[in-house]
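First comes the structure, then the notes that go with it.
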Amino acid sequence: MKDFFDAAIIANIEIIELLENNSDEDFYQSISLGAGGDVSSKIDLLAEEIFIQHLSVFGNIYSEECGFVDNKKSDEIIIDPIDGSDNFASNLPYYGTSVALKRDGKCLAAVVVNLSNGELFLKDKNRFERANIKDLKFEKVEKNIYSKVGLFERTYCSKGTPELMRRYGIKYRSPGAFALSLAYAHDVDFVLYEGKMREYDIAAGLYMCEDLYVEKREDLLLVSQNKEIFGKILQFI
């Protein structure tokens, strides 16, 4: 998987440089309706172009913005070019990219990058590691047993769960970048998502949660490193 990882890292470096060196306010402008149903901004489309350029050799592309790109390959690359676009537009430092390599419906490798601080996660069957993209000094991802909060994505769509969280004394944050939150699942008590899920929202991040407790339903996903918290939340969702 080294060539795939190298290409994904190079693509992310180019995207980071694009964000750091370009003050173009058009970045934030809505351009078109993406294949996933959300409105695509200029930066979404530029990031997608960079990924397609570097990753097409590895498989057909399935991306949030353009949909399906047939490269006459047997493998498939699932891409979310900018995870947390609204955060980026709002200058909130929690947005990233998500890339997964799949074969016969099974994920073989994934890369998730926090573009705001350069933190990089990559995983295949042999390694699950993190580094900063600026120095690429990798270390094994370990569970953070001292965590005190979870991540609850799309809280604004939930009708009753926030009140139940309050009642049970479960602390959480709602940062607004789902794939990125899944990549950080080993650092926090849990990651919870309520609402419609699309393949490019979860392909890479969920693959990074294979060793955690997972409950996946049509409109809900809960992952946790903590069996007690996992069971407590399951009781009321």
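The values are calculated or read from the model by the stated rules, or taken from the named source; none is laboratory data. Note that the structure is predicted; figures quoted are calculated from it, not measured. Glycine gets a Cβ as well: all are built from the backbone with ideal geometry, and neighbour counts include every protein chain shown.
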I want to confirm something. Restricting to segment 46-70 and keeping residues that are in contact with a helix residue (DSSP H, G or I) (Cβ under 6 Å, 6 or more places away or on another chain) and part of a strand (DSSP E or B), which single residue is nearest to R173 (Cα to Cα)? S63
Against the condition free of Cβ contacts under 8 Å to residues at least 60 places away in the same chain, closer than 24 Å to F230 by Cβ and either assigned to a strand (DSSP E or B) or acidic (D, E) (or both), how does E129 come out, does it pass? no
Restricted to segment 71-85, and to residues that are touching a residue at least 24 places away in the same chain (Cβ under 8 Å), of a type outside the set (D, E) and outside any strand (DSSP E or B), which residue is surrounded by the fewest Cβ atoms within 10 Å (Cβ to Cβ)? S74
Just one of I229, I202 is over 22 Å from D80 (Cα atoms) and in a helix (DSSP H, G or I); which is it? I229
If we ask which residues in segment 96-128 are acidic (D, E) and surrounded by 13 or more Cβ atoms within 10 Å (Cβ to Cβ), their number turns out to be 2
Only one of E194, E218 is in contact with a Phe, Trp or Tyr (Cβ under 9 Å, 6 or more places away or on another chain), acidic (D, E) and not assigned by TED's automatic domain parsing to the domain that holds K123; which? E194
Which one of these is touching a residue at least 60 places away in the same chain (Cβ under 8 Å), in a helix (DSSP H, G or I) and of a type in the set (A, V, I, L, M, F, W, C): L180, L234? L180
State which residue is farthest from the chain's Cα centre (by Cα) when the search covers only segment 203-237 and only residues that are hydrophobic (A, V, I, L, M, F, W, C) and within 19 Å of L120 (Cβ to Cβ). C209
Identify the residue in segment 146-159 that is of a type outside the set (D, E) and in contact (Cβ under 8 Å) with a residue 40 or more places away in the chain and, among all such residues, is nearest to E194 (Cα to Cα). R154
When the residues of segment 161-191 are filtered to those that are more than 18 Å from D86 (Cβ to Cβ), touching a Ser or Thr at 6+ places or on another chain (Cβ under 7 Å) and at pLDDT 95 or above, which remaining residue is surrounded by the fewest Cβ atoms within 10 Å (Cβ to Cβ)? D187
Considering each residue of segment 67-78, count those that are aliphatic (A, V, I, L, M) and at pLDDT 95 or above, and give that number. 2
